[in-house]
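S.K.: Sharing a structure, written as structure tokens. Questions coming.
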Amino acid sequence: MTESTHTPPLYGRAEIEDFLFHEAALLDEWKLNEWLTLLAPDARYLVPPNDVPDGDPASTLFLVADDAERIRQRVIRILDPNCHAESPPSRLRRQLSNVRILSQDAQTLTVTFNFICHRYRRHERIRQYVGKMTYQISKQGSELKIRERRVVLDSHELGSLGSVSFLL
Amino acid sequence: MPYIIDDPSNKRFMLNRETLISPAVLAQEQDKIFAKCWIYVGHSSELKNPGDFITRKVAGHPIIFSKDDQQQIHCLLNTCRHRGAVVATKPAGNARRFFCIYHGWSYKIDGSINRIPGSDAYDPSFPQEEHGLRRPPRFESYRDFWFLCFDPDAMPLADYLADAKFYIDLILDQSPSGTMEIIPGTQEYSVSANWKLMVENSVDDYHLPTTHSTWLNFMSNSGVNVHNPNKEAGQLLPTKGYAKALGNGNFTTDNINFRGRPVAHWIPLYGDEAKTEIESMYEELVERLGPERAERVANTNRNLVIFPNLVINDGSSVTIRTFAPNGPDKMDVTAWALGPVEETTSARARRLDAFLTFYGPGGFATPDDVEALELVQQGMANWRHDPWSEMSRGMNKPEDQQLNSDEHHLRIFWRHWNSLMQDEK
């Protein structure tokens with residue numbers, strides 16, 4: 001039993017949901033610098049195109065294919081008042097559901113869930129982003145860090161959704 | 001009121017804002033612009049094998065873009081000859097025939113009629129074989145770019161492209177075999193703005209320092225020198241470029257490169273490991289094309305407009321972007337990345353990464369363009385009381401001195417648009 005103190009714990013769904021809900025709140029509240037602390041040093045943020053949802057960003061044109069440095073630059077940009085597409089910031093409200101832990105070992109977790117993100121902006125109709133997120137999460141000591149968040153939007157085209165100028 | 005006021009003696013050009021908001025103007029455009037001009041359909045590389053097909057809207061028309069067993073490429077109206085349903089419903093695929101789910105009429109991949117169920121109910125004089133899918137009267141290509149035209153009397157595509165062919169050739173010189181391909185992955189999005197605002201925005205370099213300051217910051221944070229190498233009084237742009245008319249309403253900007261090119265100008269954003277490969281690509285250009293043409297290919301950027309609605313951005317990557325009105329105050333945009341067929345895995349990945357630094361609905365610049373265009377459209381609600389947009393920049397200079405930050409190229413577009421709109425049907 002003494003060995004178990006050196007083995008990272010296996011997480012249950014409720015703990016993972018707490019982690020995801022915390023992340024969602026930071027994103028909705030535009031606390032993006034705090035959100036960055038949830039990411040692993042090699043984190044990636046991927047939004048594939050809807051016609052190739054399983055594509056690889058090295059050979060497929062994505063909507064977003066950020067490495068960790070690009071994510072940091074994206075946050076700098078989004079928080080800049082000259083990011084016109086998000087100034088004033090959209091009001092975001094995301095709902096997560098159907099959380100499933102697809103696999104888990106001592107170091108990593110693969111988690112998937114459905115989401116709806118409502119976005120309100122000046123003079124704009126409400127925009128509703130619906131889709132599935134798949135996360136690769138690494139266990140670092142007692143903390144969870146996001147290594148990859150892959151967002152597949154259900155709409156065949158972005159259509160009336162317009163830009164994804166905020167963080168999905 | 002006229003659509004434009006073009007007054008060279010007073011060096012003024014103004015645009016009637018009604019052109020950006022009126023349903024009546026849009027209806028006229030359907031007849032006089034979209035039914036008369038050559039409209040981009042797709043690229044040969046999108047259809048690899050016999051039986052491959054793609055369905056898409058071309059200027060609002062549902063079409064099928066397909067390849068038959070003889071490798072012939074077709075453009076078919078995706079509307080059943082019987083009662084008018086769309087017959088091909090998948091976005092893309094490989095098929096032997098298209099089958100209408102309503103009454104079962106079916107068509108071969110080249111559009112010819114395959115079978116009419118219960119054809120014994122028609123009189124023997126009924127010309128069954130004449131009921132293949134309709135096709136636009138004209139369908140032609142230039143170097144793998146396919147265009148349709150609904151006007152049977154239109155000039156040939158090659159004549160229509162006029163001097164734009166020089167710039168298309170210049171872009172394709174990036175490939176050792178002169179062949180480029182559409183890279184998988186389509187960016188589709190809509191903008192709540194009139195379609196003509198996207199034409200203006202795609203070539204308007206005046207807006208770069210204001211609209212895209214966060215992108216310039218990002219480039220600067222990535223170690224790219226964004227300062228103007230030869231700053232002129234009053235010119236805020238990072239480099240000097242020109243705007244050029246190419247005939248038939250086509251035009252381009254022609255700029256000296258400063259922000260890196262996948263073929264072939266290295267910048268720190270690409271990473272140190274990419275330096276050798278990009279240098280060898282430059283050497284290949286020199287060997288194949290000579291030093292002068294190599295420099296032209298590798299170190300000049302352009303935003304090329306094929307009138308009315310195709311934009312090829314050849315800068316940090318090559319984008320093919322087309323857009324069509326979906327009402328007077330909304331447009332649907334489709335964009336692809338184009339790359340040399342010979343491109344290595346590492347060069348392809350670099351090209352796609354560079355694309356996303358600027359372009360697309362999740363890029364570091366395009367969302368702010370979308371915002372600017374939507375703000376213009378919202379401002380148009382006052383058109384009756386503030387009817388003129390100002391477009392006179394550069395009119396105080398001769399044509400060969402028109403900069404990319406002037407509005408000469410916007411005036412080229414609007415003058416051509418205006419002349420077509422004045423035509424009798």
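The values are calculated or read from the model by the stated rules, or taken from the named source; none is laboratory data. What you see is a predicted model; the values in this text were computed from it and never measured. A quick note on method: Cβ atoms are made from the backbone with ideal geometry, for glycine too, and the neighbour counts reach across all protein chains shown.
S.K.: I'm checking my understanding of the structure. Among residues of region B:348-370 that are free of Cβ contacts under 8 Å to residues at least 60 places away in the same chain and either within 15 Å of B:SER192 (Cβ to Cβ) or surrounded by fewer than 17 Cβ atoms within 10 Å (Cβ to Cβ) (or both), which one is nearest to the other protein chains (Cβ to nearest Cβ)?
M.R.: Among residues in region B:348-370 that are free of Cβ contacts under 8 Å to residues at least 60 places away in the same chain and either within 15 Å of B:SER192 (Cβ to Cβ) or surrounded by fewer than 17 Cβ atoms within 10 Å (Cβ to Cβ) (or both), the one nearest to the other protein chains (Cβ to nearest Cβ) is B:PRO367.
S.K.: Looking only at region A:61-74, filter to residues that are over 12 Å from the mean Cα position of the chain (by Cα) and in contact (Cβ under 8 Å) with a residue 60 or more places away in the chain; which one of those is farthest from the other protein chains (Cβ to nearest Cβ)?
M.R.: A:ARG74
S.K.: Can you tell me how many residues in region B:255-271 are within 23 Å of B:ALA164 (Cβ to Cβ), in a strand (DSSP E or B) and at pLDDT 90 or above?
M.R.: Count: 1.
S.K.: Suppose we filter region B:335-347 for residues that are in a helix (DSSP H, G or I) and at the interface with chain A (Cβ under 10 Å from one of its Cβ atoms); how many remain?
M.R.: The total comes to 2.
For every residue, the table says whether it meets (1) within 14 Å of chain A (Cβ to nearest Cβ); (2) closer than 30 Å to B:GLU200 by Cβ.
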position	(1), (2)
B:VAL25	no, yes
B:SER45	yes, yes
B:ALA85	no, no
B:SER119	no, no
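S.K.: Would you tally the residues in region A:46-75 being part of a loop (DSSP other than H, G, I, E, B) and surrounded by 20 or more Cβ atoms within 10 Å (Cβ to Cβ)?
M.R.: Of the residues in region A:46-75, 8 are part of a loop (DSSP other than H, G, I, E, B) and surrounded by 20 or more Cβ atoms within 10 Å (Cβ to Cβ).
S.K.: What number of residues in region B:362-403 are charged (D, E, K, R) and assigned to a helix (DSSP H, G or I)?
M.R.: Adding up the residues that qualify gives 6.
S.K.: Residues in region A:16-49 that are among the acidic types (Asp, Glu) and in contact (Cβ under 8 Å) with a residue 40 or more places away in the chain: how many?
M.R.: Residues meeting the conditions: 4.
S.K.: Shifting gears a bit: Could you check, for region B:321-334, whether at least one of its residues is assigned to a strand (DSSP E or B), surrounded by fewer than 23 Cβ atoms within 10 Å (Cβ to Cβ) and of a type in the set (Gly, Ala, Ser)?
M.R.: Scanning region B:321-334, I find at least one residue that is assigned to a strand (DSSP E or B), surrounded by fewer than 23 Cβ atoms within 10 Å (Cβ to Cβ) and of a type in the set (Gly, Ala, Ser), so the answer is yes.
S.K.: Further question on the same structure: Counting only residues that are within 14 Å of chain A (Cβ to nearest Cβ), assigned to a loop (DSSP other than H, G, I, E, B) and either under 17 Å from the mean Cα position of the chain (by Cα) or at pLDDT 95 or above (or both), how many does region B:137-192 have?
M.R.: Of the residues in that region, 4 qualify.
Condition check ((1) without any contact (Cβ under 8 Å) to a residue 40 or more places away in the chain; (2) more than 26 Å from B:PRO117 (Cβ to Cβ); (3) surrounded by fewer than 21 Cβ atoms within 10 Å (Cβ to Cβ)) across all residues:
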{"residue": "B:GLY60", "(1), (2), (3)": "no, yes, yes"}
{"residue": "B:LYS67", "(1), (2), (3)": "no, yes, no"}
{"residue": "B:VAL86", "(1), (2), (3)": "yes, no, yes"}
{"residue": "B:THR89", "(1), (2), (3)": "yes, no, yes"}
{"residue": "B:GLY93", "(1), (2), (3)": "no, no, yes"}
{"residue": "B:PHE99", "(1), (2), (3)": "yes, no, yes"}
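S.K.: Given (1) at pLDDT below 95; (2) more than 14 Å from A:SER165 (Cα to Cα), where does A:LEU63 come up short, assuming only one miss?
M.R.: A:LEU63 satisfies all of (1) at pLDDT below 95; (2) more than 14 Å from A:SER165 (Cα to Cα) except (2).
S.K.: Taking region A:23-60, which residues are β-branched (Val, Ile, Thr), out of contact with any strand residue (DSSP E or B) (no Cβ under 8 Å at 6 or more places or on another chain) and within 7 Å of another protein chain (Cβ to nearest Cβ)?
M.R.: The answer is A:VAL52, A:THR60.
S.K.: Now a separate question. Conditions: (1) away from every other protein chain (no Cβ under 14 Å); (2) under 16 Å from the mean Cα position of the chain (by Cα). A:GLU15 meets all but one. Number of the miss?
M.R.: (2)
S.K.: Right, another one. Test of understanding: among A:ALA58, A:ALA85, A:ALA14, which residue is modelled with pLDDT of 95 or more and touching a helix residue (DSSP H, G or I) at 6+ places or on another chain (Cβ under 9 Å)?
M.R.: Step by step, each of A:ALA58, A:ALA85, A:ALA14 is checked, and only A:ALA58 is modelled with pLDDT of 95 or more and touching a helix residue (DSSP H, G or I) at 6+ places or on another chain (Cβ under 9 Å).
S.K.: If you don't mind, there's one more thing I want to ask. Can we say B:ARG134 is in contact (Cβ under 8 Å) with a residue 24 or more places away in the chain and exposed (fewer than 13 other Cβ atoms within 10 Å of the Cβ)?
M.R.: Criteria met by B:ARG134.
S.K.: Quick one: is B:ASN201 under 19 Å from A:SER87 (Cβ atoms), part of a helix (DSSP H, G or I) and within 13 Å of the chain's Cα centre (by Cα)?
M.R.: Criteria met by B:ASN201.
S.K.: A further question follows. How many residues does region A:17-55 contain that are charged (D, E, K, R) and either touching a Leu at 6+ places or on another chain (Cβ under 7 Å) or at pLDDT below 95 (or both)?
M.R.: So the count comes out to 5.
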